[in-house]
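Notes to accompany the following structure.
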Amino acid sequence: MTINATVKEAGFQPASRISSIGVSEILKIGARAAAMKREGKPVIILGAGEPDFDTPEHVKQAASDAIHRGETKYTALDGTPELKKAIREKFQRENGLAYELDEITVATGAKQILFNAMMAALDPGDEVIIPTPYWTSYSDIVQICEGKPVLIACDASSGFRLTAEKLEAAITPRTRWVLLNSPSNPSGAAYSAADYRPLLEVLLRHPHVWLLVDDMYEHIVYDGFRFVTPAQLEPGLKNRTLTVNGVSKAYAMTGWRIGYAGGPRELIKAMAVVQSQATSCPSSISQAASVAALNGPQDFLKERTESFQRRRDLVVNGLNAIDGLDCRVPEGAFYTFAGCAGVLGKVTPSGKRIETDTDFCAYLLEDAHVAVVPGSAFGLSPFFRISYATSEAELKEALERIAAACERLS
Ligand SMILES: Cc1ncc(COP(=O)(O)O)c(C=O)c1O
């Protein structure tokens, strides 16, 4: 058989399910900031979504012990019995939620939990309601799974929270899921029981809609805020709610890659099918470490949260003292999401007009050497996100630089 010389080798063509997804704005800014640092510029990066604390010592020790016990093999597909039991206890103790072990799943980070859930549940074109500002991965994961993100703008006037009216208006016969995240990345806004109640009433009226709640920042709440999760608040929704959580943020374990969820058995089973062909199981060592995190002492969480609260106050007060910026006080997580409408239309010393939050963040990076992320990356403008999981000294320096940069605008 001869090969037709006119047939050309095909260049790489991304699949349509990922072609509309670009490299995230956060990664682009991070790369630019890192390049500037390499050039010797004193860049302060306030973009990272991870605590600056270390993983607790007893958790590291549990991982080391697991290695030396020989727990270095594949584990049960969606979590070891020991970890599932620790998660069952956690849900019962902290959330008043009773899940059986086969209603619990463990994955390589909460991100994979979300991916497994969407992959397991979405048919092409199924709609997923996502209030904005949102954690960027939500809409990208939905798109990769060939679903349709339905983005609903929730601005500062509603505390960046979804309202019952907006939720009701967004639901169609194609709606499969609503994704809620409290406290939120990027806004830090959290839903109290009273905030959740009207939304849950809407969902009770639409039995075809499932709820995914991302409780990743549950432990990082301020001013005595009382965290609640919907399946606890409205047992009538528990059989169509996936309650997602993980050890990454609370226990400073982002690199260990363990997330988990409780939800209806049939969904959990379908998620395991996805995981079985993606990773086979989460890391055995990280699972042993997570057992120690969930079963071990919890008192350091309070101390760390108090430290985050001091930094939140520093950043919120610092930003609100700057002409043109406006920052709501977040209830939780370690982010502020400040409005920058007041600087739009102004001109930088080099003569560039600031038209958007992306322009403003580019100006802060180039002129003040402070890396922050524009609201557009999270689906709501004109805002910018600061991650304050860094030292108070660095935060103070960054705030001074931002204030000086804003003063240089005309
Ligand atoms: C809201 C939210 N959910 C989930 C995750 C993912 O966590 P994990 O490290 O467990 O994948 C993040 C990480 O930034 C997050 O901000």
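The values are calculated or read from the model by the stated rules, or taken from the named source; none is laboratory data. Only a predicted model underlies this, so the values are computations on that prediction, with no experimental measurement involved. Cβ atoms come from the backbone with ideal geometry, glycine included; neighbour counts cover every protein chain shown. In case anyone asks, the SASA skips ligands and DNA or RNA and just uses the protein heavy atoms, side chains included. Shrake-Rupley method; radii C 1.70, N 1.55, O 1.52, S 1.80 Å.
Below is a table of values for the structure above.
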| quantity | calculated |
| --- | --- |
| Net dipole in debye of segment 58-295 [+1 Lys, Arg Cβ; -1 Asp, Glu Cβ; about Cα centre; nearest 20] | 360 |
| Listed residues Ala62, Ser184, Ser158: farthest to the positive end of the dipole of the chain (Cβ charges) | Ala62 |
| Dipole of the chain, positive end: most advanced residue of Cys281, Ser391, Leu46 [Cβ charges, Cα centre] | Cys281 |
| Estimated dipole of the chain in Debye, rounded to 20 [Cβ of Lys and Arg +1, of Asp and Glu -1, Cα centre] | 540 |
| Helix-only mean residue ellipticity at 222 nm for the chain, each DSSP H run of n ≥ 4 adding -39500 (n - 2.57), per residue, nearest 500 | -11500 deg cm²/dmol |
| Probe 1.4 Å, protein heavy atoms only - accessible area per residue of the chain in square angstrom | 43 |
| Protein accessible area in the chain, 1.4 Å probe - carbon and sulfur % | 54 |
| Whole-angstrom gap from segment 291-351 to segment 120-151, using each part's C-alpha centre | 27 |
| Alpha-carbon centroid distance for the pair segment 1-60 / segment 70-104, whole angstrom | 32 |
| Charged-residue dipole, Cβ positions (Lys, Arg, Asp, Glu), segment 232-286 about Cα centre, Debye nearest 20 | 0 |
| C-alpha long axis of helix 265-276 to longest principal axis of the chain, angle in ° | 70 |
| Share, in percent, of DSSP beta bridges within the chain that are antiparallel, nearest 5 | 50 |
| Out-of-range pairs (alpha-carbon distance over 18 Å; input Lys73/Lys249; Lys41/Lys346; Lys90/Lys249; Lys84/Lys302) | Lys73/Lys249; Lys41/Lys346; Lys84/Lys302 |
| Angle in degrees between helix 57-68 and the longest Cα principal axis of the chain, rounded to the nearest 10 | 50 |
| Antiparallel DSSP beta bridges within segment 58-295, as percent of all bridges there, nearest 5 | 30 |
| Farthest toward positive dipole pole in segment 79-130 [+1 Lys/Arg, -1 Asp/Glu at C-beta], among Leu122, Gly96, Ala86 | Ala86 |
| Between segment 373-410 and segment 155-232, the Cα center-to-center distance that results, in Å | 27 |
